[in-house]
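Before any comments, here is the structure.
The values are calculated or read from the model by the stated rules, or taken from the named source; none is laboratory data. Because the structure is a prediction, the values reported are computed rather than measured. All Cβ positions, glycine included, derive from the backbone under ideal geometry; neighbour counts span all protein chains shown.
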Amino acid sequence: MSPGPTAPQAHPGCLRLWREENDQLVGQWKVAAQHSGQSLKPQAAHHVLDGLRGLLHRLQGLPSALSVLPLELTVLANTLTLGAGLTQRFMKDHALDIHRGLERVLDAMGVPLPQSGDLWKAIFQSPFITPEMLLPLHLLVGLQGALWLTDNHPGDLARLLCTVMRSQYKESGVPLLEPTEDLLSLLSMWDPPIGELDAPVILQDARSLRDVLLTTAAFLQGLHELHVGNLLLALSSLQKAALSLCPRPVLAQVHTALGACLRKMGHPQRALLHLLEALKAGPGQGPPLLEAARLYRQLGHTTAELDSLRLLVEALSIPQDSRPPLFPIGVELLIPPPSPASCLYAGTQSQARYLLASRCLQTGRNGEAVEQYLDLLALLLDGPMSQGMPCSVFLSGGSQVPRVPEVFLETAVALIIVGRFHDSLTVCEELLSRIVLLVPQKLWLGQGGASFKSSLSPAPPLSENPSERLCCLLWASAAHLFQGQAHAGLGARKEALEEFSRCLELLFRVQPMGRAVDQDAGGDKGQGLNGDVVSSNEDEFPSEICLSMKVLQRLKAVALISRGLEWVAEGQDARALQDFLLGVQVCPGYRNASLHLLHVLWRLERKDDAIAIYQKLESEADQQQDDSEGLLPQYLESCMNCIGITEQESLLQELRKSLQRPSSP
Amino acid sequence: MAEDNQRVDYLAGFCCPVGGLAAGKPRVLCHESEIYLSNGSEFVYIYNQEGKLLNAVYRFPDQVWHLELLALRRELYVLCARNGIYCLSLDPQSRLVNQTDGEDKEGDFPSSVFPVDSDSCVFPDATLCAFTVLNDIIITLAQGPSKWRMRLFEQPQGSDRDPRPGSQFSEVEFSTCILPSGSNGKPLASRFLPVLCCASPPGSSVFHTPWCSSGGFVLEETLFGLLFGADAALLESPMILCGFPDGQLCCVPLKALLSPEMALAGPETPVKILHHLEEPVVFIGALRTDPRILEDMDEKPLNEDTSCDCMVAVGHYGKMMAIKSSREEGGNLVPELREYYIRGPILCAACGVGSRMYYSTHSDLSVVDLACNSNSSDPEKIDNTQGVLPPVLSPASLSICSVVTLSVSSRAPKGEAELLALSAKGRLMTCSLDLSSEDSRPVRMTTGKVGQKIKELLSGIGNVSERVSFLKKAVDQRNRALTCLNEAMNVSCALLSNREGPKPISCTTTTAWSRFQLRDVLTATCLLENSSDYSLDQGWTFCIQVFTSSCALEVDSVGSAITYTIPVDQLTPGSKREVTLPLGSNENGKLDLPVTISCALFYSLKEILGSALTSSDSLDAPFFDDCPPDILPDRDGIFLPLGEYTVDMLQCLRFPSLAVAEVQVPGLPSPTSDPVKTFLEASRGQVDPEHMKNIEPMGPDFLRAKYLPPSVASVKVSSELLKNALKEYCSEVPLCCATLQWLLAENSIVDIVKTQVLTEVQGVAPDGNDIHLLVREARNGLAHLFLQGNLYQVAVTELCPAGPIQAVEIQMESPSLANMCRVHHAVIRRIQVMIMEQAAQGSNPPDLRVQYLRQIHANHEMLLKEVQLLRDRLCVEDDASASAAAEKLLQVYKQLRNPSLILL
């Protein structure tokens, strides 16, 4: 047991004891890892980790010395390896630990801390590195690389590897080829030294860490390129990752990403093959199913798409085991969890269910949509906690999912479409009871201009945000609108009219600032109702307010049309006409409003007016449809579809005929 | 005031440390008749209020920081510092053992204490700082190096519960600033723990179970929606509120944390900041201020579920925040936030069922009412009032001092509130308050009631007298401390203000050789002289710090310092105090020259203020117990440096050859050697001086002197420079003599040197080696600078275009390299000081040839580089090559020293 030629004679005994402690702890862990089941591992790991931490603490409590450093660095690497495996990821603490370790190395060498802060460079350029130190240092390089990869700093890793290899080749005398920027080739060139027999025992050697890093880097690079849009690069990187040694769950991810990449490149069949491959690699996986749904949607296979989504919901409803701690460090540990924007993100069960429900609604499978929406609401409101209450995404404020009230509104509109009016009323009432207090009495938009910028002054309470208030108002008015439609469906016209009026009352609470003056000066009440004042101010509003304003105008139009239809049913055509007229003014580009107006005018025998409207409509039809069409929330789209005029074609034909008659002679 | 309607009962006393209990960590909980109590120590007590006996005591491995009781499951969760969360089952069976031997019912402590073993530790985590339990979910808050981490765990239910940690749901990080760790490396956060609690919307039945914990309330729908948004309100998600030591008040929707993916979603964390109190949050609670709610409550039994319409958060220094929903001018509902300032520091607080909040400071327990006291009973009118929160708070005193933890008991009969309080002295008491106190109804006294009343009065008197004596003591101590501080300030001003001229309080240091126990010891005498108008009283300390510089020849040695602190009991104006210290006795009895003596006066704040502060603010003991160095460390105080004095070789040289006549220099041989040896040598010397010559010098010193050439160093100084600097010495004697006189000015030999006009002396170093000092003058420039060897005529030629520069060479020679180095160092130091003074006076150096200077410089650089290289090699190489390197190094040092240094 010789601790090395330069070991000071002062404490070879201690050094030996420390070494033995390290070896014993690692041995203990290896035995535990081999012989115990999955469940006991964390306990054993905790125990060993505590031991290693204690040992490291003792070593670092002493002034750093060159002779002790190889052991100290080994213990540090062991602690980090086990700690990262136990917490299942690398954390800032680990980076700090490495930094401290490096500082001690420099301290022992008597090298001042570099101004640039690049400790690695200073260490590898220092002439005092002994071969004993190289081994744990390379191990630390691997760990640092893992940290940087998970932190998304591959450039730092590439630079570090360059530094390491330069010093390595300088020693061996072989000149280094042109330093390449490519991380993957650097990683494959990196050749960590092999541990000698008498070196302190390590948990995971640098070579296996290198292989893990290589796979991870290829995969991450592929994902990055995929995200950026360099599909060819992404394809090659991902294929590299797929060919390297990687565990099955990761392989499934790689194949899913390949599928996404090929889908974007326009090779749906090859993409499907990869997705199939992914499903084979890891059964019960959400991402390939979601990707398949996307693919089928792109191909227009609605049935297959919905089938995939159904499977996805089922796959996600199986409670996933929390990841068992990974020992030693593997690729899974280094792959950051997919961001919601990534193709590898399958979302939660509730999210998938929402996707399924809304796709059903969009594709006209209303019966299933209703069932899915009701299931979703039940899941959100009182899903059993043991299943992990998967409503997180709806509360995290992410952009991937709609706000919770919108889910309620979509449910309500789906219920109306299938004729379950009472249920729809219940859903709307539930929604209204929760948000009615948050609906503003009066909302001035553009107040002072600055009120829309999220003020950073000490934490404004959440509902102070005016766009949030506008949202509340829109939701509440939409709920009233649906209640009105449900009543109309039930034949209760009085209640329906009441609800529509309430909806409109809410909508007219929003006043663009400065409009009041215009209105007094111009005196043109009709003009004031259309959206052009708002659109002229659009630049001042943030985009979410802009969209909200469009939704507001459209809601107004829909409510007016709905009310007009009720008046028509009552037989009060004059009132209906007024509402339709207002509807057209409020939302000029909205074809449906014009059609209803046309219909009433036609029925009232005001043919000239009708023809004028028709001609305007014809000329507008050539122009582009309102560009905001696709951006409107789902509940509004669906609602607009239900109030569509039924005998549209016959009416238009009749009009065309009557137009031709006066013009032909 | 409230005092008329309050009744205080002492229940039991618990042991407490000398300074009293610290606030922040003790907890008291009450469920039915059982009181669960931790007093910041490692014990948890269970006290039965009805039987007035202590049921059980559990001992934990470390301080207990938090308690939570799950009443339904009869489980007590305990956060043990640096260990984690323990779960104790409170089933009667498990305590059977205790009850059988708990015979001593009157005593404060049962006969046995149950140590809690690590098996019941359900969440081992050393960094945990706070937790709360919500049904099956345990929410923990742990401190990382830069962030707080909140984790959610599911606690498995049912009989087959295993004690291992349940599955972790998710984790979320809070990027609040963590206060920098204290100087002792311990994070400061242990002073203040974060506060965790849970706000539920009304009717979120999934989560509602009667848990009995310090945090957890139901918020009215409106306020909930306003504060946390429509989504959380719609999903009926309880919100976890966290108050951090940096003052942030954050909220996280619980339902957002319940899915495993939340740990993954990076940027879109659901954490929102509600407010920033800018001081450590000590309490978060909620109140029912609406009179209608209160009326409803009168009809129904008290219910945890009754929703609160006002949320409050209290900071340590007395900033308090209250949020309520109100209508703004347009009729919109908005949250109204109001900040109040109450007198801090707040030790603890609690909310009752109504609109009152109780809070405790060192001196008092107070109650504030947040109900808006509009006296109209008209509900509409209340709705229209602009401010729904009172503009100012009027705290009412309950006259109970230093309560460190509070909880509101739910057992109180209707119309009353009962507080459970633990005082800093470890006394557990209940305080019953009549809530309908405004109209004190005349009560007809029955005899029973009279007895009760008298008991109450007596108890009240006891309480008041305790408080009075406590306050009086505190005031006295503060006055005394203020007087002392005033004097200290006077002295400090006197010392620090007039920098010109002599300081009013001064310290002069002299050195001398004296003989103690047959050994010669170099002593330093420091004379502290108070010529100011103020006297130095108790609290002042005279600090003398002796720094032994590291010896340059020993690689690893580090300079050490010895500090002598001498209390200055009384030093009246004009008086002196003399302190004599032996110098430089390191463990092997050697004198490591040079030695620096630095004198200072120190006024300890801890000594004067500590008593005043600890007595009154002991409740704030997080300050003192946990990290005293941060707030009032032992060394904190006023530090007034008086001066520094360096003792070097030139002061310690002795000159037996010169001094025979005048000074009786004791025993010539090594003064620090063994007294026996000294004796033997002395006696031998008496017997036969001739013989002695032959026998005595056989030691290594002698051998070295014989076989090794003496080490030589020399310094050349421009004569011009010396002449200018040494005007007062030069008036009568030649420059060389003057230089020698100047060098030995602080040595007692200087008088002889003066009288004998010497240019050369032979001295003895403290370790007995000879030292030869020689000063030569160059009359006309001849010699070349880089010539080696003994040149008697030195001058620096070629350097200056105007001709040779007259120079004086100071040559030092000693058989011992170490001594030579020390003398060299001492000489250089003096010359350095002299040059600085000269430079300050603005003397001009002569014209120089720069390239020569450059060459000299380059030569030196090269040598320096070589030195560094060799030293590095010394560190890494084995013995054989190391010794070679060391030899080389010595050579280089020699080159450096002799004779290339020139000073112009």
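Remarks
- Check on A:Arg89, surrounded by 14 or more Cβ atoms within 10 Å (Cβ to Cβ) and at pLDDT 80 or above: no
Residue-wise test of (1) modelled with pLDDT under 80; (2) farther than 20 Å from A:Asn78 by Cβ.
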{"residue": "A:Leu96", "(1), (2)": "no, no"}
{"residue": "A:Leu102", "(1), (2)": "no, no"}
{"residue": "A:Leu106", "(1), (2)": "no, yes"}
{"residue": "A:Met109", "(1), (2)": "no, yes"}
{"residue": "A:Ser116", "(1), (2)": "yes, yes"}
{"residue": "A:Pro127", "(1), (2)": "yes, yes"}
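- Residues that are part of a helix (DSSP H, G or I) and out of contact with any Leu (no Cβ under 7 Å at 6 or more places or on another chain), drawn from segment A:140-161: A:Leu147, A:Gly155, A:Asp156, A:Arg159, A:Leu160
- Selection status of A:Gln204, at pLDDT 80 or above, polar (S, T, N, Q) and more than 20 Å from A:Ser342 (Cβ to Cβ): yes
- Residue count, segment A:76-93 (criterion: within 14 Å of chain B (Cβ to nearest Cβ) and over 27 Å from the mean Cα position of the chain (by Cα)): 1
- A single member of B:Val57, B:Val28, B:Val8 is surrounded by 23 or more Cβ atoms within 10 Å (Cβ to Cβ) and touching a residue at least 40 places away in the same chain (Cβ under 8 Å), and it is B:Val28.
- If the condition is being crowded, with 24+ Cβ neighbours inside 10 Å and farther than 12 Å from B:Val271 by Cα, then segment B:236-254 contributes B:Ser237, B:Pro238, B:Gly243, B:Phe244, B:Pro245.
- Residues in segment B:217-246 that are more than 9 Å from chain A (Cβ to nearest Cβ) and among the hydrophobic types (A, V, I, L, M, F, W, C): B:Phe217, B:Val218, B:Leu219, B:Leu223, B:Phe224, B:Met239, B:Ile240, B:Leu241, B:Cys242, B:Phe244.
- Count of segment B:861-893 residues, restricted to those that are at pLDDT below 70 and closer than 30 Å to B:Glu777 by Cβ, is 0.
- A:Leu437 vs. criteria under 27 Å from B:Pro201 (Cα atoms), at pLDDT below 50 and within 14 Å of chain B (Cβ to nearest Cβ): no
- Filtered residue count, segment A:634-657, keeping only those that are among the hydroxyl-bearing types (Ser, Thr, Tyr) and more than 19 Å from A:Phe482 (Cα to Cα): 2
- Any hit, segment A:567-576, residues being touching a Pro at 6+ places or on another chain (Cβ under 9 Å) and either within 18 Å of A:Leu481 (Cα to Cα) or assigned to a helix (DSSP H, G or I) (or both): no
- Criterion violated by B:Val334 - all others in (1) touching a strand residue (DSSP E or B) at 6+ places or on another chain (Cβ under 8 Å); (2) away from every other protein chain (no Cβ under 14 Å); (3) over 19 Å from B:Ser409 (Cα atoms); (4) of a type in the set (Val, Ile, Thr) satisfied: (2)
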